[in-house]
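Working notes, beginning with the structure itself.
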Ligand SMILES: [Zn+2]
């Protein structure tokens, strides 16, 4: 049996998620029954790598980082809200279109983007240059 894995900070080794199991493919966000918003992109307990960013803007440029580790919002661990209000735009919550809006609880790196707005996919996106899937034993909380 393989060792338990979590998303951890590459810089300080802090655990950033509960135990997660890798999915072979990035699921597509599905509209919630009734059509209001989206169901969580990734189920609790899983992680997927998004081969594309959040989307494209009107000029065709990619929005968000390519290759993020994506989890269910509830699997994030002790992440600290970014102090810059400009990172937290949205209608009812965070749309995640203004860069990482969460910091590492250990070293304060800009580590993840919460998307929990009424119209956006419901997901937590970890920046691949500072966060990685790692064995639980290599992290601290
Ligand atoms: Zn850190």
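The values are calculated or read from the model by the stated rules, or taken from the named source; none is laboratory data. It should be emphasised that the depicted structure is a prediction, and the values quoted were computed from it without experimental measurement. Neighbour counts run over all protein chains shown; Cβ positions are idealised from the backbone, glycine included.
So is residue 76 surrounded by 15 or more Cβ atoms within 10 Å (Cβ to Cβ) and in contact with a helix residue (DSSP H, G or I) (Cβ under 6 Å, 6 or more places away or on another chain) or not?
no
Select the strands (runs of 3 or more DSSP E) contained entirely in segment 7-119, then report the ones holding at least 2 residues which are within 16 Å of the ligand (Cβ to nearest atom), under 27 Å from residue 140 (Cβ atoms) and modelled with pLDDT of 95 or more.
Those strands (runs of 3 or more DSSP E) span 110-115.
Taking the condition touching a helix residue (DSSP H, G or I) at 6+ places or on another chain (Cβ under 9 Å), assigned to a loop (DSSP other than H, G, I, E, B), at pLDDT below 95 and more than 16 Å from the ligand (Cβ to nearest atom), does residue 3 pass?
Yes.
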